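Contents: one structure, followed by commentary.
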Amino acid sequence: MNKPVDPPEEGIETIPLREALEERYLAYALSTIMHRALPDARDGLKPVHRRILHGMNLLRLNPGGPFKKSAKVVGDVMGSFHPHGDQAIYDALVRLAQDFSSRYPLVDGQGNFGNIDGDAAAAQRYTETRLTDVARRLLDGIDEDAVDFRPNYDGSTDEPVVLPAAFPNLLANGSQGIAVGMATSIPPHNAGELCDAALYLISHPGASSADLVHFVPGPDFPTGGILVDGPDAIKEAYRTGRGSFRVRARWKKEDTGRGTWAVVVTEIPYGIPKSRLIEKIAELITERKLPLLADVRDESAEDVRVVFEPRARTVDPVVLMESLFRLTELEVRIGLNINVLVGGGKVPKVLGLAECLREWLDHRRDVLGRRSRHRLAAIERRLEILGGLLIVYLDLDRVIKIIREEDEPKRELMRVFTLTEVQANAILDTRLRSLRRLEEMELKREQGQLEAEKGEIEDLLGSEAKQWKTIAWEVRAVRKAYGPETPLGRRRTTIEAAPEIGDVDFAEAIVEREPVTVIVSDKGWIRAMKGHVADLSKVEFKGDDKLKTSFFAETTSKILVMATNGKFYTLDAAKLPGGRGFGDPIRLSADLDEGTDVVSAFVYRPDSKLLLVASDGRGFIVSASDLVATTRKGRNVLGVEAKGRALVAAPVTGDHVAIVGQNRKLLVFPLSQLPEMSRGKGVRLQRYKDGDVADAKCFALADGLTWRINAERTRTVSGEELKPWIGNRAEAGRLPPNGFPTTNTFG
């Protein structure tokens, strides 16, 4: 067997694994953040989108011009700028062309580019593309040294670092991206409103995001919808650059004749595939979780039209839709996290609304300066040439003679007429037909115009006020093209307050009401049998478990569970396991503390009150509404000592309290002696020398005190007979009447 040969040690550098991993992972993270996931604050584009637009510009796919195959665009972009796979490039191209994904599409597509149902676009060999007017504004001036260029991935050509961006694309079209350790989520906005805010920011440089919210009241999604967040929440989100927006579908009630009606949804929330939305709603109808809804139909053609039929004509359409908003994606929360690249595209940072617009305006000023200097240099070159050409007309014969007779006419022209090399070349390149009087007049006119333009540009470059005035003029041009009076610029998402629905119990509205029998075992297992079952003799339990309590309820009921630590937990009857098996432990639905057991369970009745008693004899009266817990951790209500336990939760009826201890002493006292509290330890109900409370109940003295002897028999002691046991709270009591159960409970 051959032994492995050790590699030579020459040229090998030993690096600790930790350092190698840190260095490589950091490089990967930075690459993802800078070159893939986060947009540049100046043009709002990620590298792949910027390269697509630049590649299409090189192919001269201008608005109004001929289309070209998407495969041609993808191939050129992949070969020259973005070597990351054709499907990734095509997916990005498709999204730029979808009017339901991009508020202001940058690509004009011809063919199947997918739809709002979530269907994918056709293959790139079947679709065709060209740039839109919005994309042309992003590229305007790219050939006039408006932005920096850098070498592409293989150094064979150059690509723009950023686009000139005469359109506020970052906020207008938004962006989504997940990097390493950070993400961005920018919803689309209305370009006309952004331009209004930018103009205000130009005239008021110190304006805050709160000031600009008056112009940009919220996102404007391509699919419309209704924004139902409050103004304070929206203002805070734009101030910090982080938050979320609650967006719901737009709907209307349509009469269908004979007193019937239907709800028609015409706009759905942004980013939700319509087919998936309808499938989910149909599943909820099948699972009987939408009892108010009978059917859902998709009647969409060019526009969205989803029809909801109510279960009955008496259903309130507002309640129906509110139940749908709670259970389906007809209402969604769309995040706001304006995490973008600033500082020349080198630093990720979360920006507020004012900072975003300031980044764009500062970029526009930089572009204006670069384009102006580029134009100034071109004017100066042309003026230099014009100066030489005009000299020619002063002595045309001599110029022609030099050209005809001299071996090196350029040098001779430069010497005789004191010309620069550029001027001499221009003279030599001039055609004979141009050497006429009319041409001289045209050259002088051109020279005068260029001199005037040069002066204007120099004034512009020397005055910050004139620069901002020019930028404001450009912003107004964008606003005019995409303002609210244009079809594309009209706001689609309206901002409204959510309707007032009063005290509607949505637990009942979204669950079909059915009778159930709730069964709780001694070991804390719970289940719900269909219907109200009085005879539970055939109900089976797991192992040596047995029945603890049972009661009638409905699927819309809330079940309150009392634990030995004095906490109350709330369960939904509709979510309880069925009665075919043994049920589930209550611990699966509620976070019971370690070492605690279930004391009792009962139906929550909002207007009822209960008597709570701990094992040490303390207790109080509590309203049932103070027992409802909103989380799995429950609600602390009855305070118990370290060795104590919650023992009794009895309904408050009548006017007296009967309490019996383990020492078999019975005490009856007026209910009015107990305080009503929302939480705490309460007051002493009965005093003991040894032992604890055994049981307690409330009753009406006029009706007498009743206890259960066995499963079929009860005994009632009249109020007159109870006089020896009637006393005051915190007394010891006396031995109960003859026939009181040996278990010391009222049953």
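The values are calculated or read from the model by the stated rules, or taken from the named source; none is laboratory data. A quick note: this is a predicted structure, and the numbers were derived from the prediction, not measured. In this analysis, Cβ positions are derived from the backbone assuming ideal geometry, glycine residues included, and neighbour counts consider all displayed protein chains.
Within the stretch 193-212, the set of residues being out of contact with any Leu (no Cβ under 8 Å at 6 or more places or on another chain) and surrounded by fewer than 24 Cβ atoms within 10 Å (Cβ to Cβ) comprises 196, 199, 203, 204, 205, 206, 208, 210, 211.
In summary, residue 401 fulfils each of the numbered conditions (1) surrounded by fewer than 17 Cβ atoms within 10 Å (Cβ to Cβ); (2) in contact (Cβ under 8 Å) with a residue 12 or more places away in the chain; (3) of a type in the set (D, E, K, R) with the single exception of condition (2).
Kindly evaluate residue 592 against the criterion of being crowded, with 21+ Cβ neighbours inside 10 Å and assigned to a strand (DSSP E or B). No, not satisfied. Filtering 332, 307, 319 for residues that are in contact with a Lys or Arg (Cβ under 6 Å, 6 or more places away or on another chain) and in contact (Cβ under 8 Å) with a residue 24 or more places away in the chain leaves a single hit, 307.
The residues of the stretch 563-575 that are among the basic types (Lys, Arg) and either surrounded by fewer than 22 Cβ atoms within 10 Å (Cβ to Cβ) or in a helix (DSSP H, G or I) (or both) amount to a single one, 575.
Report whether or not residue 259 is exposed (fewer than 14 other Cβ atoms within 10 Å of the Cβ) and either over 23 Å from residue 101 (Cβ atoms) or under 22 Å from the mean Cα position of the chain (by Cα) (or both).
Yes.
Which residues, counting only those in the stretch 118-149, are of a type outside the set (Gly, Ala, Ser), surrounded by 20 or more Cβ atoms within 10 Å (Cβ to Cβ) and within 30 Å of residue 271 (Cβ to Cβ)? Hits for the stretch 118-149 are 124, 127, 129, 130, 131, 132, 134, 137, 138, 139. I want to confirm something. Restricting to the stretch 681-694 and keeping residues that are in contact with a Leu (Cβ under 8 Å, 6 or more places away or on another chain) and crowded, with 16+ Cβ neighbours inside 10 Å, which single residue is farthest from residue 717 (Cα to Cα)? Result: 681. Residues of the stretch 88-139 that are of a type in the set (Val, Ile, Thr) and farther than 30 Å from residue 278 by Cβ: 89, 129, 132, 134. The listed residues are 428, 443, 389, and the only one of them that is touching a residue at least 12 places away in the same chain (Cβ under 8 Å) and surrounded by fewer than 13 Cβ atoms within 10 Å (Cβ to Cβ) turns out to be 428.
Could you tell me which of the residues 700, 711, 646 is hydrophobic (A, V, I, L, M, F, W, C) and either in contact with a Leu (Cβ under 9 Å, 6 or more places away or on another chain) or under 15 Å from residue 618 (Cα atoms) (or both)?
646
Looking across 524, 583, 531, 578, one residue alone is surrounded by fewer than 14 Cβ atoms within 10 Å (Cβ to Cβ) and on the phi > 0 side of the Ramachandran plot. It is 531. Being aliphatic (A, V, I, L, M), assigned to a loop (DSSP other than H, G, I, E, B) and either at pLDDT below 95 or surrounded by fewer than 15 Cβ atoms within 10 Å (Cβ to Cβ) (or both) is a condition met by no residue of the stretch 275-288.
Here residue 678 clears all of (1) in a strand (DSSP E or B); (2) surrounded by fewer than 16 Cβ atoms within 10 Å (Cβ to Cβ) except the condition numbered (1).
In this entry, residue 326 is excluded by the filter for residues that are in a helix (DSSP H, G or I), at pLDDT 95 or above and among the basic types (Lys, Arg).
Taken over the stretch 629-641, the residue count meeting the criterion of being surrounded by fewer than 16 Cβ atoms within 10 Å (Cβ to Cβ) and over 18 Å from residue 684 (Cβ atoms) is 5. Screening residue 30 on (1) touching a residue at least 12 places away in the same chain (Cβ under 8 Å); (2) not assigned by TED's automatic domain parsing to the domain that holds residue 102 shows it passes everything except condition (1).
Taken over the stretch 702-725, the residue count meeting the criterion of being surrounded by 15 or more Cβ atoms within 10 Å (Cβ to Cβ), within 21 Å of residue 671 (Cβ to Cβ) and either more than 60 Å from the chain's Cα centre (by Cα) or outside the structural domain of residue 612 (by TED's automatic domain parsing) (or both) is 5.
The criterion of at least 3 residues that are under 60 Å from the mean Cα position of the chain (by Cα) and not polar (S, T, N, Q) is met, among helices (runs of 4 or more DSSP H) falling completely within the stretch 330-449, by 353-392.
Pairs are defined by a Cβ separation below 8 Å, a sequence spacing of at least 6 or placement on different chains, a first member in the stretch 598-609 that is assigned to a loop (DSSP other than H, G, I, E, B), and a second member that is of a type outside the set (Val, Ile, Thr) and loosely packed, with under 15 Cβ neighbours inside 10 Å; the pairs so defined are 606/625; 608/651. Given the condition in contact with a Leu (Cβ under 6 Å, 6 or more places away or on another chain), buried (at least 23 other Cβ atoms within 10 Å of the Cβ) and not in a loop (DSSP other than H, G, I, E, B), answer yes or no: does some residue in the stretch 150-164 qualify? Looking through the stretch 150-164, none of the residues is in contact with a Leu (Cβ under 6 Å, 6 or more places away or on another chain), buried (at least 23 other Cβ atoms within 10 Å of the Cβ) and not in a loop (DSSP other than H, G, I, E, B).
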